[in-house]
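**Q** To start, I am sharing the structure in question, which I have written as structure tokens.
The values are calculated or read from the model by the stated rules, or taken from the named source; none is laboratory data. Small disclaimer: the values here were computed from a predicted structure and weren't measured. Here the Cβ positions follow ideal geometry from the backbone for every residue, glycine too, while neighbour counts run over all protein chains shown.
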Amino acid sequence: MMDIETFAHTRSGGWGAGFPTWDSERTLVTVFGASDRIRDSQAIDELVAAFPRAHVVGCSTSGEILETSINDDSLAVAVCRFEHTRLRSLAVPVGDATNSRAAGKRLAEALVAPDLRALLIFSDGLCVNGSELLGGLNEVLPASVVVTGGLAGDGDRFQSTWVIADRAPRAGWISGVGLYGERVHIGHGSKGGWDAFGPERVVTKSKGNVLYELDERPALALYKEYLGDRAAGLPGTALLFPLTLRASRGAAKSLVRTILSIDEAAQSMTFAGDIPQGYLAQLMRANFDRLVAGAAEAARLTSEGSNDESASLALAISCVGRRLVLGQRAEEEVEAARDALPRSARLLGFYSYGEISPYATGQCDLHNQTMTLTNIQER
């Protein structure tokens with residue numbers, strides 16, 4: 001059985017109680033914190049030093065989740081010591097988005113093994129094409145390996161993100177930790193809750209994660225028509241109006257994409273993941289009640305097959321766009337997720353620039369504007 005403890009660091013209160021004395025090769029330390037902690041890393045350094053043999057992963061956020069609280073400028077931490085599960089971790093530099101697929105493939109090739117059951121991925125949120133990153137992972141990993149995680153956040157600023165790489169916060173890296181063995185159980189779920197509106201338009205010109213034209217019209221100009229006065233706040237206000245994509249009108253599977261940046265000269269928009277040419281795109285807007293209900297449904301999916309009496313770590317990764325839309329009601333989606341999780345689960349998470357999870361089953365996809373949960377339990 002696994003041991004789990006969650007706790008936080010704040011500027012005013014420090015670490016509070018001491019760290020659990022659980023350092024080992026089977027210990028996983030997960031930490032999420034504000035983006036400026038890369039410049040003031042003393043608290044992270046103290047945490048890492050307390051667990052010299054453990055595997056330490058994590059990233060910057062657009063808000064830290066600890067149980068039913070959402071905080072800014074804190075460090076939210078979970079320490080898990082497994083009894084039977086083997087761990088391996090690795091971080092690779094990505095540099096810029098063109099290296100995303102190669103970085104994902106390199107990470108997967110280093111961690112794949114016959115007894116690999118799950119892979120947790122944390123990626124820089126700005127210099128990575130999430131679709132290409134996952135494409136590299138999916139080239140190597142069998143569909144039986146559950147891949148979940150997220151892209152680091154930086155509030156609504158889109159200026160600087162970090163991940164824990166080589167036991168320190170670094171920009172421009174991707175990190176992963178593999179969980180190995182028959183005794184580890186992984187539950188996962190990902191749900192949105194947005195409403196589509198307006199016509200579906202054909203992606204008539206795109207390259208990778210850059211969108212140039214919809215229905216042969218400049219994409220940025222068309223998008224600004226819908227935003228109206230909110231267009232002045234781009235790219236931040238784009239978090240309120242993501243795009244949903246599907247391959248054809250008969251396709252049941254759809255994915256949501258959020259804008260990372262805009263190019264006025266090219267009239268283009270850069271997204272967290274690919275915008276395939278020929279796909280159908282449609283704008284989305286918030287439905288408050290459905291966002292909260294989506295979080296609860298994701299938690300229910302995550303909990304399927306879990307033992308309600310055994311300790312587990314529930315990782316909640318929700319999109320920054322959801323937090324901005326929900327505002328003061330953001331804690332409602334966290335509370336809804338908490339209520340739907342097993343009683344014995346400990347909840348840790350962050351608001352992200354992209355969520356990684358299988359769409360339902362099989363290989364992983366990049367999601368935006370979802371609440372995505374992973375429940376890790378040892379049997």
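**Q** Within the set of pairs 6+ apart or on separate chains, which have a first residue in segment 113-140 that is touching a residue at least 24 places away in the same chain (Cβ under 8 Å) and assigned to a helix (DSSP H, G or I), a second that is surrounded by fewer than 22 Cβ atoms within 10 Å (Cβ to Cβ) and not β-branched (Val, Ile, Thr), and C-beta atoms under 6 Å apart?
**A** Pairs that qualify, where the first residue is touching a residue at least 24 places away in the same chain (Cβ under 8 Å) and assigned to a helix (DSSP H, G or I) and the partner is surrounded by fewer than 22 Cβ atoms within 10 Å (Cβ to Cβ) and not β-branched (Val, Ile, Thr), are GLU132/ARG101; GLY135/ARG101; GLY136/ARG101; GLY136/LYS105; ASN138/GLN363; GLU139/LYS105; VAL140/LYS105; VAL140/GLU109.
**Q** Among (1) in a strand (DSSP E or B); (2) over 26 Å from the mean Cα position of the chain (by Cα); (3) of a type outside the set (Val, Ile, Thr), which single condition is LEU260 missing?
**A** The single condition LEU260 does not satisfy is (2).
**Q** Then there's this: I'd like to check something: does segment 329-346 contain any residue that is assigned to a strand (DSSP E or B) and either more than 22 Å from GLY130 (Cα to Cα) or among the charged types (D, E, K, R) (or both)? Give the derivation first.
**A** Let us first name the residues in segment 329-346 that are assigned to a strand (DSSP E or B), namely 345-346.
Subsequent filtering for residues that are either more than 22 Å from GLY130 (Cα to Cα) or among the charged types (D, E, K, R) (or both) retains 345-346.
Yes, that holds for at least one residue.
**Q** Here's a follow-up. Whether any residue in segment 179-187 is in contact with a helix residue (DSSP H, G or I) (Cβ under 8 Å, 6 or more places away or on another chain), under 30 Å from VAL92 (Cα atoms) and buried (at least 16 other Cβ atoms within 10 Å of the Cβ) is what I want to check. I'd like the intermediate steps shown before the answer.
**A** Initial filter on segment 179-187 (in contact with a helix residue (DSSP H, G or I) (Cβ under 8 Å, 6 or more places away or on another chain)): 187.
Now restrict to residues that are under 30 Å from VAL92 (Cα atoms): 187.
With buried (at least 16 other Cβ atoms within 10 Å of the Cβ) added as a condition, the list becomes 187.
Yes.
**Q** Same structure, new question: Being buried (at least 22 other Cβ atoms within 10 Å of the Cβ), small (Gly, Ala, Ser) and touching a helix residue (DSSP H, G or I) at 6+ places or on another chain (Cβ under 6 Å) narrows it down to one residue among SER35, SER100; which is it? Reasoning before the result, please.
**A** Working: SER35 fails: touching a helix residue (DSSP H, G or I) at 6+ places or on another chain (Cβ under 6 Å).
Only one candidate qualifies: SER100.
**Q** Name every residue in segment 327-347 that is over 22 Å from GLU309 (Cβ atoms) and either of a type in the set (Val, Ile, Thr) or touching a residue at least 40 places away in the same chain (Cβ under 8 Å) (or both), in order of residue number. Don't jump to the end; show me each part of the working.
**A** Applying the first criterion (over 22 Å from GLU309 (Cβ atoms)) to segment 327-347 yields 327-336.
Within segment 327-347, ARG329, ALA330, GLU331, GLU332, GLU333, VAL334, GLU335, ALA336 qualify.
**Q** Condition first: in contact (Cβ under 8 Å) with a residue 40 or more places away in the chain and either out of contact with any Gly (no Cβ under 8 Å at 6 or more places or on another chain) or within 19 Å of SER175 (Cα to Cα) (or both). Now tell me which residues in segment 54-65 satisfy that.
**A** Of all residues in segment 54-65, those in contact (Cβ under 8 Å) with a residue 40 or more places away in the chain come to 55-65.
HIS55, VAL56, VAL57, GLY58, CYS59, SER60, THR61, SER62, GLU64 - these are the residues of segment 54-65 that are in contact (Cβ under 8 Å) with a residue 40 or more places away in the chain and either out of contact with any Gly (no Cβ under 8 Å at 6 or more places or on another chain) or within 19 Å of SER175 (Cα to Cα) (or both).
**Q** I want to confirm something. Restricting to segment 301-321 and keeping residues that are in a helix (DSSP H, G or I) and in contact with a strand residue (DSSP E or B) (Cβ under 7 Å, 6 or more places away or on another chain), which single residue is surrounded by the fewest Cβ atoms within 10 Å (Cβ to Cβ)?
**A** Within segment 301-321, the subset in a helix (DSSP H, G or I) is 301-303, 320-321.
From what's left, in contact with a strand residue (DSSP E or B) (Cβ under 7 Å, 6 or more places away or on another chain): 301-303, 320.
Details: LEU301: 18, THR302: 31, SER303: 20, VAL320: 26.
The selected residue is LEU301.
**Q** Select, from ALA272, ALA266, ALA299, ALA247, the only residue that is in the same structural domain as THR68 (by TED's automatic domain parsing) and among the small types (Gly, Ala, Ser).
**A** Values: ALA272 fails: in the same structural domain as THR68 (by TED's automatic domain parsing); ALA266 fails: in the same structural domain as THR68 (by TED's automatic domain parsing); ALA247 fails: in the same structural domain as THR68 (by TED's automatic domain parsing).
From the options ALA272, ALA266, ALA299, ALA247, the qualifying one is ALA299.
**Q** Output yes when any residue across segment 301-318 is modelled with pLDDT of 95 or more and among the acidic types (Asp, Glu), and no when none is.
**A** Step one: list which residues in segment 301-318 are modelled with pLDDT of 95 or more, which gives 312-318.
From what is left, the residues that are among the acidic types (Asp, Glu) are none.
Scanning segment 301-318, I find no residue that is modelled with pLDDT of 95 or more and among the acidic types (Asp, Glu), so the answer is no.
**Q** On to the next question. Within segment 59-98, can you find the residues that are part of a loop (DSSP other than H, G, I, E, B) and of a type in the set (A, V, I, L, M)? I'd like the intermediate steps shown before the answer.
**A** First, pick out the residues of segment 59-98 that are part of a loop (DSSP other than H, G, I, E, B): 61-63, 67-68, 72-74, 82-85, 94-96.
Once the filter is applied, which keeps residues that are part of a loop (DSSP other than H, G, I, E, B) and of a type in the set (A, V, I, L, M), segment 59-98 yields only VAL94.
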